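*Asks:* The structure that follows is given in the form of C-alpha coordinates.
The values are calculated or read from the model by the stated rules, or taken from the named source; none is laboratory data. Keep in mind that this is a model prediction, so the values were computed, not measured. As a convention, Cβ positions derive from the backbone with ideal geometry for all residues, glycine included, and neighbour counts pool all protein chains shown.
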Amino acid sequence: MRILLDGHVALWWLQDNDALGAQCHQLIEDADEVYFLATTP
(Lines give C-alpha, C1' and ligand atoms only; values in the text may rest on other atoms or scores of the structure.)
Protein backbone atom coordinates (compact mmCIF):
# COMPACT_ATOMS: atom_id res chain seq x y z
CA MET A 1 0.00 0.00 0.00
CA ARG A 2 1.17 3.54 -0.80
CA ILE A 3 0.28 6.54 1.36
CA LEU A 4 0.55 10.25 0.56
CA LEU A 5 0.86 12.51 3.62
CA ASP A 6 0.35 16.26 3.69
CA GLY A 7 2.70 18.48 5.69
CA HIS A 8 0.71 18.48 8.93
CA VAL A 9 0.28 14.72 9.04
CA ALA A 10 3.94 14.14 8.16
CA LEU A 11 5.07 16.37 11.02
CA TRP A 12 2.66 14.75 13.48
CA TRP A 13 3.92 11.31 12.44
CA LEU A 14 7.59 12.31 12.71
CA GLN A 15 6.97 13.89 16.13
CA ASP A 16 4.89 10.92 17.34
CA ASN A 17 2.10 13.39 18.08
CA ASP A 18 -1.13 12.02 19.61
CA ALA A 19 -3.16 14.30 17.30
CA LEU A 20 -2.57 11.74 14.54
CA GLY A 21 -4.38 8.89 16.27
CA ALA A 22 -3.34 5.29 16.80
CA GLN A 23 -5.05 3.90 13.70
CA CYS A 24 -3.43 6.45 11.37
CA HIS A 25 -0.07 5.86 13.02
CA GLN A 26 -0.40 2.14 12.36
CA LEU A 27 -1.47 2.60 8.73
CA ILE A 28 1.62 4.71 8.07
CA GLU A 29 3.89 2.21 9.82
CA ASP A 30 2.42 -0.69 7.82
CA ALA A 31 2.60 1.06 4.42
CA ASP A 32 5.02 -0.23 1.81
CA GLU A 33 5.68 3.29 0.51
CA VAL A 34 5.10 6.66 2.19
CA TYR A 35 5.20 9.88 0.20
CA PHE A 36 5.18 13.44 1.51
CA LEU A 37 3.32 16.23 -0.25
CA ALA A 38 5.59 19.22 -0.80
CA THR A 39 4.11 22.53 -1.86
CA THR A 40 5.69 25.85 -2.66
CA PRO A 41 4.16 29.28 -2.24
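*Asks:* Residue check, VAL9 against (1) part of a loop (DSSP other than H, G, I, E, B); (2) within 10 Å of the chain's Cα centre (by Cα), all met but one. Which one?
*Replies:* (1)
*Asks:* Go through region 1-17 and give me each residue that's in contact with a helix residue (DSSP H, G or I) (Cβ under 9 Å, 6 or more places away or on another chain), exposed (fewer than 14 other Cβ atoms within 10 Å of the Cβ) and modelled with pLDDT of 90 or more.
*Replies:* MET1, ASP16, ASN17
*Asks:* Count, please, the residues in region 25-41 that happen to be assigned to a helix (DSSP H, G or I) and under 8 Å from the mean Cα position of the chain (by Cα).
*Replies:* Total meeting the criteria: 2.
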